[in-house]
1. Would you confirm, using the coordinates I've provided, whether Ile184 is within 30 Å of Thr238 (Cα to Cα) and among the aliphatic types (A, V, I, L, M)?
2. Can you find a residue that is more than 30 Å from Ser64 (Cβ to Cβ) and of a type in the set (A, V, I, L, M, F, W, C) anywhere in the range 239-252?
3. Suppose the filter is at pLDDT below 90 and surrounded by fewer than 14 Cβ atoms within 10 Å (Cβ to Cβ); does Lys120 pass it?
4. Assess whether Lys256 counts as being at pLDDT 80 or above, out of contact with any Asp or Glu (no Cβ under 7 Å at 6 or more places or on another chain) and open to solvent by 100 Å² or more (accessible area, probe 1.4 Å).
5. Only one of Tyr324, Tyr280 is among the aromatic types (Phe, Trp, Tyr) and either over 30 Å from Trp168 (Cβ atoms) or touching a Lys or Arg at 6+ places or on another chain (Cβ under 7 Å) (or both); which?
6. Output the residue which, of all residues in the range 259-271 that are open to solvent by 70 Å² or more (accessible area, probe 1.4 Å) and either part of a helix (DSSP H, G or I) or basic (Lys, Arg) (or both), is nearest to Gly164 (Cα to Cα).
7. Can you tell which of Ser313, Ser292 is of a type outside the set (Val, Ile, Thr), surrounded by 13 or more Cβ atoms within 10 Å (Cβ to Cβ), out of contact with any Cys (no Cβ under 9 Å at 6 or more places or on another chain) and assigned to a loop (DSSP other than H, G, I, E, B)?
8. Considering only residues of the range 2-45 that are of a type in the set (Phe, Trp, Tyr) and outside any loop (DSSP other than H, G, I, E, B), which is nearest to the chain's Cα centre (by Cα)?
Amino acid sequence: AHTAAGCPERPIEVAFPNRMSPTFKVRDFGDALSDEEIQDVYAFYGESTKRNTNDQIGMLGIGSKSAFAYGDNFVIHSYIDGKKHIYNAFIDPSQVGQITKLGVEETEEENGVEIVVPVKGDDHDEFREKAETLFKWYKVRPTIKGAKEFSYTDNDVLFNGDDGDWEWTDGKTDGYYGSGGECIAVMGNIGYPVSWYSLNNSDRGLQKLANRNLILRFDIGDLEISASREKLQYTDYTRKAINDRLTKVESELADKVSETFNDCETLFDAKCLYGSVFDYGNGLYQLRDIISKKLVWNGKQITDANFDVWPTSEYRDAMKIHHYKKGARGGRYRGEEAHYIN
């Protein structure tokens, strides 16, 4: 609704149920719905005002009726030019959905639509918990009322795609350090975990890439989803879109990591940076074999974080290494010949 009204950066308002007000409310400030539009949109499953656009979330024609998945009735407020039009949506005794207009009141509220859903007392906390998980992926997160403002701890973004269509994060706020888990495909403000085995892709390198550190961002319509909007449909169309994006990420991520080595003044600096970037606790650790192919400093490929002076090393005549340490029982430091610096 905000996209259609030209204010896509304005947040919607979501009020959560509590003892004083046991209702769940969603309020937008877009174009309100007329009597005819209310009847058309809410009276028919599959009817949507967004059928012919990919710029707006929706189009399946069930989101507007989703409150019926929870209870038998809910209220719709349509604010139009100083008038508050009140409607009741309910399931009649024959299990058919109906819409009844209850009346019109004077109001100073801005134009827009508000949905009001009665909530059982035992479900108040669950509404908040589900919403906090859902809103994590919203580009413009809602304004929260009736509850504490949600506190989001977002992962730090380490690298971005050239077109803003992917992000590589540190993954630390997911309770796991390093790679693992599923990458997320975000479309229409919904984050969908990507099932690698549903992609029918045998590329082991891309499989390592598709972990929880990676967020893929798609325009509405780029992926096919289930009618519930809760999971992806792995059609050929969806698989191709995700596999193509992973291939693009592999190339761009390697280039971006490689660029960080341009600021190294010495080979020693480059080796230290390699050790930091591909540390075991870093999400890039499992990708080192893919990315390191492009890591070059001063014409030399960087493949590890070591200097070694074994007899076969190119540095054997350039340096000798001694490691000074105390014995097991303490005492003086003693120097021992070593063969590498990590």
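The values are calculated or read from the model by the stated rules, or taken from the named source; none is laboratory data. Source: prediction; values computed, not measured. FYI the Cβ positions are ideal-geometry reconstructions off the backbone, even for glycines, and counts take in every protein chain you see. Side chains are part of the model used for accessible areas, which takes the heavy atoms of the whole protein and leaves out ligands, DNA and RNA. Shrake-Rupley method; radii C 1.70, N 1.55, O 1.52, S 1.80 Å.
1. Values: within 30 Å of Thr238 (Cα to Cα): yes; among the aliphatic types (A, V, I, L, M): yes.
Considered against the rule, which asks whether it is within 30 Å of Thr238 (Cα to Cα) and among the aliphatic types (A, V, I, L, M), Ile184 comes out as yes.
2. yes
3. Numbers: at pLDDT below 90: no; surrounded by fewer than 14 Cβ atoms within 10 Å (Cβ to Cβ): yes.
Considered against the rule, which asks whether it is at pLDDT below 90 and surrounded by fewer than 14 Cβ atoms within 10 Å (Cβ to Cβ), Lys120 comes out as no.
4. Numbers: at pLDDT 80 or above: yes; out of contact with any Asp or Glu (no Cβ under 7 Å at 6 or more places or on another chain): yes; open to solvent by 100 Å² or more (accessible area, probe 1.4 Å): no.
It is false that Lys256 is at pLDDT 80 or above, out of contact with any Asp or Glu (no Cβ under 7 Å at 6 or more places or on another chain) and open to solvent by 100 Å² or more (accessible area, probe 1.4 Å).
5. Values: Tyr280 fails: either over 30 Å from Trp168 (Cβ atoms) or touching a Lys or Arg at 6+ places or on another chain (Cβ under 7 Å) (or both).
Of the residues listed, the single one that is among the aromatic types (Phe, Trp, Tyr) and either over 30 Å from Trp168 (Cβ atoms) or touching a Lys or Arg at 6+ places or on another chain (Cβ under 7 Å) (or both) is Tyr324.
6. Looking only at the range 259-271, we keep the residues that are open to solvent by 70 Å² or more (accessible area, probe 1.4 Å), and these are 259, 262-263, 265, 268.
Still in the list and also either part of a helix (DSSP H, G or I) or basic (Lys, Arg) (or both): 259, 262-263, 268.
Details: Glu259: 18, Asn262: 23, Asp263: 24, Phe268: 33 Å.
Taking the candidates together, the pick is Glu259.
7. On the way: Ser292 fails: assigned to a loop (DSSP other than H, G, I, E, B).
The conditions single out Ser313.
8. Filtering the range 2-45 down to residues of a type in the set (Phe, Trp, Tyr) leaves 16, 24, 29, 42, 44-45.
From the residues that got through so far, the ones that are outside any loop (DSSP other than H, G, I, E, B) too are 24, 42.
Values: Phe24: 24, Tyr42: 30 Å.
Only one residue fits best here, namely Phe24.
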